[in-house]
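The structure under discussion appears below in the form of structure tokens.
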Amino acid sequence: MTTTARPGAKALVLALALFTVATFAPVAVVSALGWHTVVPIALLTGLSAVMASLTGGGWRTGLLLAVPFAAFAGVLTWAQPHAWAAALVMAAAALLRGLTAIDGLHNALMTSVITLGFVVAKPPTPQTDLAAPVAVALVVLATCLWVTLIALVTRRWSRKPALVRIPRQRAIAFSVVLALMVGAATWFVVRLDLGEGGAWIILTLLVVVQPYLKDGMRKAIERSAGTLLGFVLAVAIGLLTTSSMVLGILGAACMVTATAAMILGRPYWQYAAFLTAAIILFVGSDGSVLHTAEVRLGATLIAVVATMAVIIVLTPVARNLADRAGLDRY
């Protein structure tokens, strides 16, 4: 018992250390440069690269992600004022992420497209002589390469996850549906200037929409439950303290706990609860935690309802195709 437990515990500790150092070091650098509007993007980019490395193919996945991720971030920063352009770019990013399901990387790369959703919903405006798209792309590229370097150094102590590969036809169908939904959501987010609430609508779509419709329905339910629990946790903390430093520390603790839940294979609602609380505390540390929580909850529920409606409409078609192909999943 002791012999088999140690490697798991060691891998978990190393993964959490990797997450903490790799994610928050770029945030500290960006803050020191005075690029305060880029801090959330640096944080989410670090998280994206960590998730890609830990749940994908290790440092190679992080390296593969770096350049296209940076390019998408820069182009979206430029395209954001134009609803159709932003929608097309986000749809393309969602499509590519969906196609990686063929190699089982769709979950590992999900957070990177979520980060792009925050870029397009509330584009950063760094105080620099560089054009904003260039500055954002450089921050994303540097952060990804930094995380990849740490993943490379610690590769022999990390556990390689088992990737679930999706059949090609199913992955293509998943990619098209995801691209259409994310593209449409992005158009509304930019057109109506929904800000961070819009980013959370895009985030929820990316989480809930799954290669198999049954999985998506279950994910929608778990997402709603996790969001409600995270909402309660964040509001409770916000009522106890308004200190930005304390909220930031507790947000980091929630983020680490969410990562641990993911690595340990805990139910998704537990991961969603702590991730929700972390994001609310991070964003609300500079304003109102309660307002941030309300926006987060409302946006999540809107996206969940929209996704479940699409699933209900598509279910008869998917079931019919599955029956014809002799498959037990749809």
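The values are calculated or read from the model by the stated rules, or taken from the named source; none is laboratory data. Since the structure is predicted, the reported quantities are computational estimates derived from the model, not experimental observations. Because the Cβ atoms are built from the backbone with ideal geometry, glycine has one as well, and the counts that use them run over all protein chains shown.
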### Task
Report, ordered by the first and then the second residue, all pairs with beta carbons closer than 7 Å, sequence separation of six or more or different chains, a first member in segment 158-171 that is among the small types (Gly, Ala, Ser), and a second member that is modelled with pLDDT under 70.
SER158/ALA11; SER158/LEU14; SER158/ALA15
### Message
If I filter segment 241-257 down to residues being among the aliphatic types (A, V, I, L, M) and within 18 Å of the chain's Cα centre (by Cα), which single residue comes out as surrounded by the fewest Cβ atoms within 10 Å (Cβ to Cβ)?
### Response
ALA253
### Task
Return the total of residues in segment 47-60 being of a type in the set (Ser, Thr, Tyr) and either over 25 Å from ALA278 (Cα atoms) or over 17 Å from the mean Cα position of the chain (by Cα) (or both).
0
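For segment 110-124, state whether one or more residues are in the same structural domain as GLY57 (by TED's automatic domain parsing), over 29 Å from GLY34 (Cβ atoms), of a type in the set (A, V, I, L, M) and touching a residue at least 12 places away in the same chain (Cβ under 8 Å). Break it down stepwise before answering.
We begin by selecting, within segment 110-124, every residue in the same structural domain as GLY57 (by TED's automatic domain parsing); these are 110-124.
If we keep only those that are over 29 Å from GLY34 (Cβ atoms) too, we end up with 110.
This time we only want the ones that are of a type in the set (A, V, I, L, M), so: 110.
Adding the requirement that they be touching a residue at least 12 places away in the same chain (Cβ under 8 Å) leaves 110.
Yes - at least one qualifying residue is present in segment 110-124.
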### Task
Determine which single condition LEU178 fails, assuming it passes every other condition in (1) free of Cβ contacts under 8 Å to residues at least 12 places away in the same chain; (2) assigned to a helix (DSSP H, G or I).
(1)
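I'd like to know if segment 283-295 contains one or more residues that are of a type in the set (Ser, Thr, Tyr), more than 17 Å from the chain's Cα centre (by Cα), surrounded by fewer than 15 Cβ atoms within 10 Å (Cβ to Cβ) and modelled with pLDDT under 75. Working first, answer last.
Applying the first criterion (of a type in the set (Ser, Thr, Tyr)) to segment 283-295 yields 285, 288, 292.
Right, trim to more than 17 Å from the chain's Cα centre (by Cα) and you get 285, 288, 292.
This time we only want the ones that are surrounded by fewer than 15 Cβ atoms within 10 Å (Cβ to Cβ), so: 288.
Now narrow it down to the ones that are modelled with pLDDT under 75: 288.
Checked segment 283-295: at least one residue is of a type in the set (Ser, Thr, Tyr), more than 17 Å from the chain's Cα centre (by Cα), surrounded by fewer than 15 Cβ atoms within 10 Å (Cβ to Cβ) and modelled with pLDDT under 75.
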### Hits in segment 218-228 (condition: surrounded by fewer than 17 Cβ atoms within 10 Å (Cβ to Cβ) and more than 16 Å from ASN107 (Cβ to Cβ))
ILE221, ALA225
### Message
One residue is enough: does segment 200-220 have a residue meeting the conditions assigned by TED's automatic domain parsing to the domain that holds ARG296 and of a type in the set (Gly, Ala, Ser)?
### Response
yes
## Note on the structure
The correct count of residues that are buried (at least 24 other Cβ atoms within 10 Å of the Cβ) and modelled with pLDDT of 80 or more in segment 7-29 is 1
### Task
Would you check if ARG191 is surrounded by fewer than 15 Cβ atoms within 10 Å (Cβ to Cβ) and outside the structural domain of TRP78 (by TED's automatic domain parsing)?
yes
### Task
Evaluate segment 82-96: report whether one residue or more is modelled with pLDDT under 90 and in contact with a Leu (Cβ under 7 Å, 6 or more places away or on another chain).
no
